[in-house]
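Structure record follows, encoded as C-alpha coordinates.
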Number of protein chains: 2
Amino acid sequence: MKGGSIELGEVSKNASKRKGVKRGLSIMDFILRIIGGVATLSSAVAMATTNERLPFATNFVQFRAEYDDLPSFVFFVMANSLVCGYLALSLILSILHIVRSTAVKSRILLIILDTVMMGLLAAAASAAASIVYIAHYGNTQANWFPICQQYNSFCERISGSLIGSYIAVALFVIIILLSHVAISRN
Amino acid sequence: MKGGSIELGEVSKNASKRKGVKRGLSIMDFILRIIGGVATLSSAVAMATTNERLPFATNFVQFRAEYDDLPSFVFFVMANSLVCGYLALSLILSILHIVRSTAVKSRILLIILDTVMMGLLAAAASAAASIVYIAHYGNTQANWFPICQQYNSFCERISGSLIGSYIAVALFVIIILLSHVAISRN
(Lines give C-alpha, C1' and ligand atoms only; values in the text may rest on other atoms or scores of the structure.)
Protein backbone atom coordinates (compact mmCIF):
# COMPACT_ATOMS: atom_id res chain seq x y z
CA MET A 1 0.00 0.00 0.00
CA LYS A 2 2.92 2.40 0.60
CA GLY A 3 4.59 1.27 -2.63
CA GLY A 4 7.45 3.40 -3.99
CA SER A 5 9.38 2.71 -7.17
CA ILE A 6 12.27 1.09 -5.21
CA GLU A 7 9.98 -1.25 -3.31
CA LEU A 8 8.10 -2.16 -6.47
CA GLY A 9 11.43 -2.98 -8.12
CA GLU A 10 12.32 -5.27 -5.22
CA VAL A 11 8.95 -6.96 -5.39
CA SER A 12 9.35 -7.75 -9.08
CA LYS A 13 12.92 -8.92 -8.43
CA ASN A 14 11.65 -11.25 -5.72
CA ALA A 15 8.87 -12.44 -8.00
CA SER A 16 11.25 -13.29 -10.82
CA LYS A 17 13.56 -15.06 -8.34
CA ARG A 18 10.59 -17.07 -7.08
CA LYS A 19 9.62 -17.88 -10.65
CA GLY A 20 13.15 -19.16 -11.29
CA VAL A 21 13.02 -21.40 -8.21
CA LYS A 22 9.63 -22.75 -9.25
CA ARG A 23 10.86 -23.42 -12.76
CA GLY A 24 13.82 -25.31 -11.28
CA LEU A 25 11.42 -27.36 -9.15
CA SER A 26 9.27 -28.09 -12.20
CA ILE A 27 12.27 -29.27 -14.22
CA MET A 28 13.31 -31.54 -11.35
CA ASP A 29 9.74 -32.85 -11.18
CA PHE A 30 9.90 -33.60 -14.91
CA ILE A 31 13.18 -35.52 -14.60
CA LEU A 32 11.97 -37.50 -11.57
CA ARG A 33 8.82 -38.49 -13.46
CA ILE A 34 10.88 -39.85 -16.34
CA ILE A 35 13.07 -41.87 -13.94
CA GLY A 36 9.96 -43.14 -12.15
CA GLY A 37 8.39 -44.16 -15.44
CA VAL A 38 11.50 -46.09 -16.46
CA ALA A 39 11.67 -47.77 -13.03
CA THR A 40 8.04 -48.93 -13.08
CA LEU A 41 8.29 -50.02 -16.71
CA SER A 42 11.37 -52.14 -16.00
CA SER A 43 9.63 -53.63 -12.94
CA ALA A 44 6.56 -54.55 -14.95
CA VAL A 45 8.61 -56.00 -17.81
CA ALA A 46 10.96 -57.91 -15.49
CA MET A 47 8.03 -59.50 -13.67
CA ALA A 48 5.86 -60.14 -16.72
CA THR A 49 8.52 -61.74 -18.89
CA THR A 50 9.64 -64.27 -16.27
CA ASN A 51 7.06 -66.80 -17.37
CA GLU A 52 8.67 -67.30 -20.74
CA ARG A 53 12.16 -68.01 -19.58
CA LEU A 54 11.99 -70.49 -16.77
CA PRO A 55 10.86 -73.77 -18.33
CA PHE A 56 13.91 -73.79 -20.58
CA ALA A 57 16.32 -72.50 -17.99
CA THR A 58 15.63 -75.09 -15.33
CA ASN A 59 13.96 -77.82 -17.38
CA PHE A 60 10.95 -78.03 -15.08
CA VAL A 61 8.49 -78.39 -17.92
CA GLN A 62 5.78 -79.95 -15.78
CA PHE A 63 6.28 -77.41 -12.92
CA ARG A 64 6.49 -74.09 -14.68
CA ALA A 65 6.77 -70.96 -12.55
CA GLU A 66 4.92 -68.08 -14.19
CA TYR A 67 4.11 -64.69 -12.80
CA ASP A 68 0.39 -65.15 -13.40
CA ASP A 69 0.21 -68.21 -11.16
CA LEU A 70 0.01 -65.80 -8.24
CA PRO A 71 -2.61 -63.02 -8.16
CA SER A 72 -0.27 -60.74 -6.19
CA PHE A 73 2.20 -60.78 -9.08
CA VAL A 74 -0.57 -60.09 -11.60
CA PHE A 75 -1.61 -57.11 -9.47
CA PHE A 76 2.03 -56.03 -9.34
CA VAL A 77 2.40 -56.05 -13.14
CA MET A 78 -0.93 -54.26 -13.65
CA ALA A 79 -0.19 -51.58 -11.06
CA ASN A 80 3.30 -50.94 -12.44
CA SER A 81 2.00 -50.68 -16.00
CA LEU A 82 -0.77 -48.33 -14.91
CA VAL A 83 1.60 -46.09 -12.95
CA CYS A 84 4.07 -46.08 -15.86
CA GLY A 85 1.30 -44.97 -18.22
CA TYR A 86 0.16 -42.33 -15.74
CA LEU A 87 3.71 -40.98 -15.37
CA ALA A 88 4.05 -40.76 -19.16
CA LEU A 89 0.79 -38.80 -19.41
CA SER A 90 1.65 -36.59 -16.43
CA LEU A 91 4.74 -35.36 -18.31
CA ILE A 92 2.38 -33.16 -20.37
CA LEU A 93 1.21 -31.32 -17.23
CA SER A 94 4.78 -31.28 -15.94
CA ILE A 95 5.94 -29.47 -19.10
CA LEU A 96 3.04 -27.05 -18.68
CA HIS A 97 4.32 -26.27 -15.17
CA ILE A 98 7.80 -25.54 -16.52
CA VAL A 99 6.33 -23.08 -19.04
CA ARG A 100 3.66 -21.56 -16.77
CA SER A 101 5.12 -21.65 -13.29
CA THR A 102 2.15 -19.92 -11.64
CA ALA A 103 -0.36 -22.72 -12.36
CA VAL A 104 -1.84 -23.93 -9.08
CA LYS A 105 -4.97 -25.94 -9.87
CA SER A 106 -3.22 -28.29 -12.27
CA ARG A 107 -0.50 -28.79 -9.64
CA ILE A 108 -3.07 -29.76 -7.03
CA LEU A 109 -4.75 -32.14 -9.49
CA LEU A 110 -1.37 -33.72 -10.16
CA ILE A 111 -0.56 -34.03 -6.43
CA ILE A 112 -3.83 -35.82 -5.74
CA LEU A 113 -3.33 -38.23 -8.64
CA ASP A 114 0.30 -38.72 -7.55
CA THR A 115 -0.88 -39.60 -4.05
CA VAL A 116 -3.35 -42.20 -5.32
CA MET A 117 -0.75 -43.70 -7.67
CA MET A 118 1.83 -43.81 -4.89
CA GLY A 119 -0.62 -45.69 -2.67
CA LEU A 120 -1.42 -48.12 -5.47
CA LEU A 121 2.26 -48.74 -6.23
CA ALA A 122 3.19 -49.16 -2.56
CA ALA A 123 0.33 -51.66 -2.19
CA ALA A 124 1.39 -53.63 -5.27
CA ALA A 125 5.07 -53.68 -4.35
CA SER A 126 4.33 -54.86 -0.80
CA ALA A 127 1.86 -57.51 -1.92
CA ALA A 128 4.48 -58.92 -4.27
CA ALA A 129 7.24 -58.56 -1.66
CA SER A 130 5.34 -60.59 0.91
CA ILE A 131 4.89 -63.42 -1.61
CA VAL A 132 8.55 -63.18 -2.62
CA TYR A 133 9.46 -63.52 1.06
CA ILE A 134 7.37 -66.69 1.36
CA ALA A 135 8.94 -68.00 -1.86
CA HIS A 136 12.42 -67.43 -0.45
CA TYR A 137 12.01 -68.58 3.14
CA GLY A 138 8.74 -70.49 3.17
CA ASN A 139 6.81 -70.87 6.40
CA THR A 140 7.19 -73.89 8.61
CA GLN A 141 4.04 -73.21 10.64
CA ALA A 142 1.84 -73.12 7.55
CA ASN A 143 3.83 -75.87 5.78
CA TRP A 144 4.62 -73.60 2.85
CA PHE A 145 7.88 -74.69 1.25
CA PRO A 146 10.41 -72.18 -0.09
CA ILE A 147 9.96 -72.66 -3.85
CA CYS A 148 13.12 -70.66 -4.54
CA GLN A 149 15.14 -73.79 -3.83
CA GLN A 150 13.79 -75.13 -7.14
CA TYR A 151 13.05 -71.97 -9.11
CA ASN A 152 16.30 -70.08 -8.82
CA SER A 153 16.27 -67.73 -11.78
CA PHE A 154 12.53 -67.10 -11.37
CA CYS A 155 13.12 -65.95 -7.80
CA GLU A 156 16.04 -63.76 -8.78
CA ARG A 157 13.95 -62.03 -11.42
CA ILE A 158 10.91 -61.45 -9.22
CA SER A 159 13.08 -60.18 -6.35
CA GLY A 160 14.89 -57.83 -8.69
CA SER A 161 11.67 -56.52 -10.18
CA LEU A 162 10.62 -55.25 -6.74
CA ILE A 163 13.51 -52.78 -6.68
CA GLY A 164 12.15 -50.66 -9.52
CA SER A 165 8.78 -50.37 -7.81
CA TYR A 166 10.24 -49.29 -4.49
CA ILE A 167 12.48 -46.74 -6.23
CA ALA A 168 9.35 -45.35 -7.93
CA VAL A 169 7.54 -45.11 -4.56
CA ALA A 170 10.48 -43.15 -3.13
CA LEU A 171 10.48 -40.89 -6.21
CA PHE A 172 6.75 -40.26 -5.76
CA VAL A 173 7.38 -39.08 -2.19
CA ILE A 174 10.00 -36.63 -3.50
CA ILE A 175 7.75 -35.51 -6.39
CA ILE A 176 4.84 -34.83 -4.01
CA LEU A 177 7.17 -32.97 -1.64
CA LEU A 178 8.50 -30.78 -4.48
CA SER A 179 4.98 -30.00 -5.67
CA HIS A 180 4.02 -28.85 -2.19
CA VAL A 181 7.10 -26.64 -2.00
CA ALA A 182 6.20 -25.16 -5.39
CA ILE A 183 2.62 -24.46 -4.32
CA SER A 184 3.55 -22.98 -0.95
CA ARG A 185 5.84 -20.48 -2.74
CA ASN A 186 2.85 -18.83 -4.41
CA MET B 1 -6.26 -0.99 -5.71
CA LYS B 2 -9.50 0.85 -6.67
CA GLY B 3 -11.24 -0.27 -3.48
CA GLY B 4 -14.47 1.45 -2.52
CA SER B 5 -16.41 0.80 0.70
CA ILE B 6 -18.95 -1.45 -1.08
CA GLU B 7 -16.25 -3.58 -2.66
CA LEU B 8 -14.35 -3.81 0.61
CA GLY B 9 -17.54 -4.95 2.32
CA GLU B 10 -18.00 -7.68 -0.28
CA VAL B 11 -14.41 -8.75 0.08
CA SER B 12 -14.75 -9.16 3.84
CA LYS B 13 -18.07 -10.98 3.37
CA ASN B 14 -16.38 -13.34 0.95
CA ALA B 15 -13.48 -13.78 3.34
CA SER B 16 -15.74 -14.70 6.25
CA LYS B 17 -17.67 -17.11 4.01
CA ARG B 18 -14.39 -18.73 2.98
CA LYS B 19 -13.35 -18.95 6.61
CA GLY B 20 -16.60 -20.73 7.41
CA VAL B 21 -16.08 -23.25 4.60
CA LYS B 22 -12.51 -23.86 5.74
CA ARG B 23 -13.65 -24.36 9.34
CA GLY B 24 -16.21 -26.89 8.09
CA LEU B 25 -13.49 -28.70 6.18
CA SER B 26 -11.26 -28.72 9.27
CA ILE B 27 -14.04 -30.16 11.43
CA MET B 28 -14.66 -32.90 8.84
CA ASP B 29 -10.91 -33.57 8.78
CA PHE B 30 -10.97 -33.93 12.58
CA ILE B 31 -13.87 -36.41 12.50
CA LEU B 32 -12.31 -38.46 9.68
CA ARG B 33 -9.05 -38.69 11.64
CA ILE B 34 -10.88 -40.07 14.67
CA ILE B 35 -12.68 -42.68 12.53
CA GLY B 36 -9.38 -43.58 10.85
CA GLY B 37 -7.68 -43.95 14.23
CA VAL B 38 -10.42 -46.27 15.48
CA ALA B 39 -10.27 -48.31 12.24
CA THR B 40 -6.49 -48.82 12.39
CA LEU B 41 -6.59 -49.55 16.11
CA SER B 42 -9.24 -52.22 15.68
CA SER B 43 -7.26 -53.70 12.77
CA ALA B 44 -4.09 -53.88 14.83
CA VAL B 45 -5.89 -55.35 17.86
CA ALA B 46 -7.86 -57.87 15.79
CA MET B 47 -4.68 -59.11 14.12
CA ALA B 48 -2.44 -59.02 17.21
CA THR B 49 -4.81 -60.83 19.57
CA THR B 50 -5.45 -63.77 17.25
CA ASN B 51 -2.47 -65.67 18.60
CA GLU B 52 -3.98 -66.07 22.04
CA ARG B 53 -7.28 -67.49 21.00
CA LEU B 54 -6.66 -70.20 18.48
CA PRO B 55 -4.95 -73.03 20.41
CA PHE B 56 -7.95 -73.31 22.70
CA ALA B 57 -10.56 -72.79 20.01
CA THR B 58 -9.40 -75.50 17.64
CA ASN B 59 -7.30 -77.68 19.97
CA PHE B 60 -4.30 -77.62 17.61
CA VAL B 61 -1.79 -77.25 20.41
CA GLN B 62 1.13 -78.49 18.37
CA PHE B 63 0.17 -76.43 15.28
CA ARG B 64 -0.62 -73.02 16.67
CA ALA B 65 -1.44 -70.23 14.23
CA GLU B 66 -0.14 -66.92 15.52
CA TYR B 67 0.09 -63.61 13.77
CA ASP B 68 3.84 -63.36 14.39
CA ASP B 69 4.55 -66.56 12.47
CA LEU B 70 4.33 -64.47 9.32
CA PRO B 71 6.46 -61.33 8.93
CA SER B 72 3.78 -59.70 6.75
CA PHE B 73 1.33 -59.84 9.64
CA VAL B 74 3.91 -58.42 12.04
CA PHE B 75 4.45 -55.55 9.59
CA PHE B 76 0.67 -55.13 9.38
CA VAL B 77 0.29 -54.82 13.16
CA MET B 78 3.26 -52.44 13.43
CA ALA B 79 2.09 -50.21 10.57
CA ASN B 80 -1.47 -50.04 11.91
CA SER B 81 -0.27 -49.19 15.41
CA LEU B 82 2.07 -46.52 14.04
CA VAL B 83 -0.64 -44.95 11.88
CA CYS B 84 -3.09 -45.04 14.80
CA GLY B 85 -0.56 -43.23 17.00
CA TYR B 86 0.11 -40.71 14.24
CA LEU B 87 -3.61 -40.04 13.77
CA ALA B 88 -4.02 -39.47 17.50
CA LEU B 89 -1.13 -36.97 17.50
CA SER B 90 -2.35 -35.28 14.32
CA LEU B 91 -5.61 -34.39 16.09
CA ILE B 92 -3.68 -31.62 17.86
CA LEU B 93 -2.83 -29.96 14.54
CA SER B 94 -6.33 -30.67 13.29
CA ILE B 95 -7.81 -28.75 16.24
CA LEU B 96 -5.36 -25.92 15.53
CA HIS B 97 -6.74 -25.77 11.98
CA ILE B 98 -10.30 -25.51 13.27
CA VAL B 99 -9.29 -22.58 15.49
CA ARG B 100 -6.90 -20.87 13.04
CA SER B 101 -8.30 -21.59 9.61
CA THR B 102 -5.65 -19.55 7.76
CA ALA B 103 -2.72 -21.77 8.76
CA VAL B 104 -1.01 -23.08 5.60
CA LYS B 105 2.42 -24.39 6.57
CA SER B 106 1.08 -26.77 9.22
CA ARG B 107 -1.50 -27.99 6.70
CA ILE B 108 1.22 -28.80 4.17
CA LEU B 109 3.26 -30.57 6.86
CA LEU B 110 0.20 -32.62 7.74
CA ILE B 111 -0.53 -33.46 4.08
CA ILE B 112 3.02 -34.73 3.54
CA LEU B 113 2.90 -36.87 6.69
CA ASP B 114 -0.58 -38.09 5.70
CA THR B 115 0.77 -39.12 2.30
CA VAL B 116 3.63 -41.10 3.83
CA MET B 117 1.31 -42.77 6.34
CA MET B 118 -1.20 -43.62 3.62
CA GLY B 119 1.58 -45.27 1.60
CA LEU B 120 2.74 -47.22 4.64
CA LEU B 121 -0.78 -48.37 5.50
CA ALA B 122 -1.58 -49.34 1.89
CA ALA B 123 1.65 -51.34 1.78
CA ALA B 124 0.93 -53.12 5.06
CA ALA B 125 -2.68 -53.91 4.19
CA SER B 126 -1.72 -55.32 0.79
CA ALA B 127 1.16 -57.36 2.16
CA ALA B 128 -1.20 -58.94 4.69
CA ALA B 129 -3.95 -59.34 2.08
CA SER B 130 -1.70 -61.28 -0.28
CA ILE B 131 -0.81 -63.69 2.53
CA VAL B 132 -4.47 -63.99 3.55
CA TYR B 133 -5.26 -64.87 -0.07
CA ILE B 134 -2.67 -67.65 -0.05
CA ALA B 135 -4.01 -68.86 3.30
CA HIS B 136 -7.53 -69.05 1.87
CA TYR B 137 -6.91 -70.47 -1.58
CA GLY B 138 -3.36 -71.79 -1.44
CA ASN B 139 -1.36 -72.17 -4.65
CA THR B 140 -1.18 -75.43 -6.52
CA GLN B 141 1.83 -74.43 -8.63
CA ALA B 142 3.94 -73.64 -5.59
CA ASN B 143 2.45 -76.49 -3.52
CA TRP B 144 1.25 -74.10 -0.84
CA PHE B 145 -1.79 -75.55 0.90
CA PRO B 146 -4.71 -73.38 2.01
CA ILE B 147 -4.23 -73.37 5.79
CA CYS B 148 -7.70 -71.89 6.30
CA GLN B 149 -9.12 -75.39 5.96
CA GLN B 150 -7.59 -76.12 9.37
CA TYR B 151 -7.42 -72.69 10.99
CA ASN B 152 -10.95 -71.43 10.52
CA SER B 153 -11.33 -68.82 13.22
CA PHE B 154 -7.77 -67.59 12.71
CA CYS B 155 -8.52 -66.94 9.03
CA GLU B 156 -11.77 -65.20 9.80
CA ARG B 157 -10.04 -62.86 12.22
CA ILE B 158 -7.13 -61.99 9.93
CA SER B 159 -9.47 -61.45 6.97
CA GLY B 160 -11.69 -59.19 9.05
CA SER B 161 -8.75 -57.20 10.36
CA LEU B 162 -7.91 -56.13 6.79
CA ILE B 163 -11.18 -54.21 6.50
CA GLY B 164 -10.21 -51.60 9.08
CA SER B 165 -6.94 -50.93 7.30
CA TYR B 166 -8.53 -50.46 3.90
CA ILE B 167 -11.18 -48.17 5.39
CA ALA B 168 -8.37 -46.08 6.88
CA VAL B 169 -6.59 -45.91 3.49
CA ALA B 170 -9.80 -44.64 1.88
CA LEU B 171 -10.21 -42.10 4.70
CA PHE B 172 -6.64 -40.89 4.15
CA VAL B 173 -7.44 -40.22 0.49
CA ILE B 174 -10.45 -38.13 1.54
CA ILE B 175 -8.45 -36.34 4.27
CA ILE B 176 -5.68 -35.44 1.80
CA LEU B 177 -8.27 -34.26 -0.73
CA LEU B 178 -9.99 -32.06 1.87
CA SER B 179 -6.65 -30.55 2.93
CA HIS B 180 -5.89 -29.63 -0.67
CA VAL B 181 -9.29 -28.01 -1.06
CA ALA B 182 -8.69 -26.04 2.15
CA ILE B 183 -5.26 -24.85 0.98
CA SER B 184 -6.43 -23.94 -2.51
CA ARG B 185 -9.11 -21.71 -0.99
CA ASN B 186 -6.48 -19.40 0.49
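Given the conditions (1) open to solvent by less than 40 Å² (accessible area, probe 1.4 Å); (2) more than 10 Å from chain B (Cβ to nearest Cβ), which single one is not true for A:I95? For A:I95, the exception is condition (1). Looking at this structure, is A:A142 within 9 Å of another protein chain (Cβ to nearest Cβ), over 19 Å from the mean Cα position of the chain (by Cα), assigned to a helix (DSSP H, G or I) and over 17 Å from B:A123 (Cβ atoms)? No, not satisfied. Pick from segment A:1-53 the residues that are of a type in the set (G, A, S) and over 29 Å from A:L178 (Cα atoms): which of them is modelled with the lowest pLDDT? Ranking the qualifying residues of segment A:1-53, first place goes to A:G3. Evaluation of A:I111 against the conditions (1) more than 16 Å from B:M117 (Cα to Cα); (2) assigned to a helix (DSSP H, G or I) shows that the sole unmet condition is (1).
Among the residues of segment B:148-186 satisfying the criterion of being open to solvent by 50 Å² or more (accessible area, probe 1.4 Å), more than 12 Å from chain A (Cβ to nearest Cβ) and at pLDDT 90 or above, which is nearest to B:R23 (Cα to Cα)? By that ranking, first place goes to B:I167. Among the residues making up segment B:70-92, a single one is open to solvent by less than 40 Å² (accessible area, probe 1.4 Å), part of a helix (DSSP H, G or I) and at the interface with another protein chain (Cβ under 8 Å from one of its Cβ atoms): B:S72.
The values are calculated or read from the model by the stated rules, or taken from the named source; none is laboratory data. On a predicted model such as this, the values are computed, not experimentally measured, just so you know. Please note: Cβ atoms are built from the backbone with ideal geometry, for glycine as well, and neighbour counts cover all protein chains shown. These area figures cover heavy atoms from the full protein model, side chains too; ligands, DNA and RNA do not enter into them. Shrake-Rupley method; radii C 1.70, N 1.55, O 1.52, S 1.80 Å.
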